[in-house]
Amino acid sequence: MVCGPHRSDRGILRDRVPMTSRLPKDWAPPAARGQSGVFTAAQARAGGATPAQVRRRRQTGQWRPVVGDALALPGVAIDAWTKAQAAAITWPDAVVGLTSAAALHGLPVPESRSVHVIVPNRRPSRGGLVTHELDLDPGDVTTFGLARVTTLPRTLFDCIGRLPRDDSESLVAWAVTRERLDRSELERAVRARPKSWGNAQRRQALGDSASGAFNAAERRLHAILRRAQITGWAGDQRVYQGSKIIARVDVLFRDERLVLEVDGFAYHGRAVFQADRTRQNRIVAAGYCVLRFTWADLTSRPREVAEEVRATLARLRRTESTFRSHLRV
């Protein structure tokens, strides 16, 4: 199975030239055509370049390194796809995995200049290829162009267990809210590999996806509500306007149309701040009341958080009761 969009070859490629000919400035071997513009020095020599020409073009930057043995013309865009093809022509038996596979699947993971590959036998990392020895089943592997890549379920399994905790929690929240994480698949994978490194984080992810609390701040909010014996709420809920889903919220009191949101303690930049406010406006415009709490609220003022939620619920219930009384009149 071939996944991902078709990628046309980039850069100007020339056919094989006689060994004594002067190479055009934008020449690359014919093999590069089917490899998203990347090629090896051996392929260049097989295509007609002399060892001296290969050496000179590498030294002067006419051919720039990608990862592993792969080279490319300066006009070739070096992205996750290109680097995966470069890994494939360097080590055809390797499987692109971990965050490198995550980037190909469109998952929000920290960027890396290196390409993580899973190899069937021990070999040193080199040229930007970082090797890992992990057990893979045949069903754990798909293809993106020439590259063998771990499937989305296997990539999520690896990243959830091996990323730093904050990045892992962010990935779980993103994948669950976009319905890209199949909880039953993750459960089966953990049971099948009971001693796999990172299972503690994976079990935490399973618990979080069941409770709807995907990070420390959300878990604290849930704990505050439970300790205060405030009921009628659920975590990680869809909010609708008519039949359309307009948001997934941290906590929802559906009957009272009250939404609780947690800002956490990390700064995520202007774009995320703007997206959060735009999303909140949609929720309010759909007729919901929104309370936002910070990490400081949850850690330093938990009693005040509970009191504010309780008071807001009481006010919303009174308003609803008054509205219904007017309807009966």
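What follows draws every value from the coordinates through simple rules; no lab data is involved. Note that the structure is predicted; figures quoted are calculated from it, not measured. FYI the Cβ positions are ideal-geometry reconstructions off the backbone, even for glycines, and counts take in every protein chain you see.
Residues that are assigned to a helix (DSSP H, G or I) and of a type in the set (A, V, I, L, M) within region 38-52 comprise 41, 42, 44, 46, 52, listed in sequence order. With a requirement of 1 or more residues that are of a type in the set (A, V, I, L, M) and surrounded by fewer than 22 Cβ atoms within 10 Å (Cβ to Cβ), the strands (runs of 3 or more DSSP E) lying completely within region 128-193 that satisfy it span 129-132, 141-144. Return a yes/no flag: does region 168-189 have any residue that is under 21 Å from residue 95 (Cβ atoms), hydroxyl-bearing (Ser, Thr, Tyr) and over 16 Å from the mean Cα position of the chain (by Cα). No, region 168-189 contains no residue that is under 21 Å from residue 95 (Cβ atoms), hydroxyl-bearing (Ser, Thr, Tyr) and over 16 Å from the mean Cα position of the chain (by Cα). Scanning region 90-108 for residues that are under 16 Å from residue 31 (Cα atoms) and touching an Asp or Glu at 6+ places or on another chain (Cβ under 7 Å) yields a single hit, 90.
Identify, please: which residue in region 101-127 is assigned to a loop (DSSP other than H, G, I, E, B) and of a type in the set (Val, Ile, Thr) and is, among those, nearest to residue 148 (Cα to Cα)? Let's see the steps before the verdict.
At the first step, the residues of region 101-127 found to be assigned to a loop (DSSP other than H, G, I, E, B) are 105-114, 119-125, 127.
If we keep only those that are of a type in the set (Val, Ile, Thr) as well, we get 109, 119.
Numbers: 109: 20, 119: 11 Å.
The residue in question is 119.
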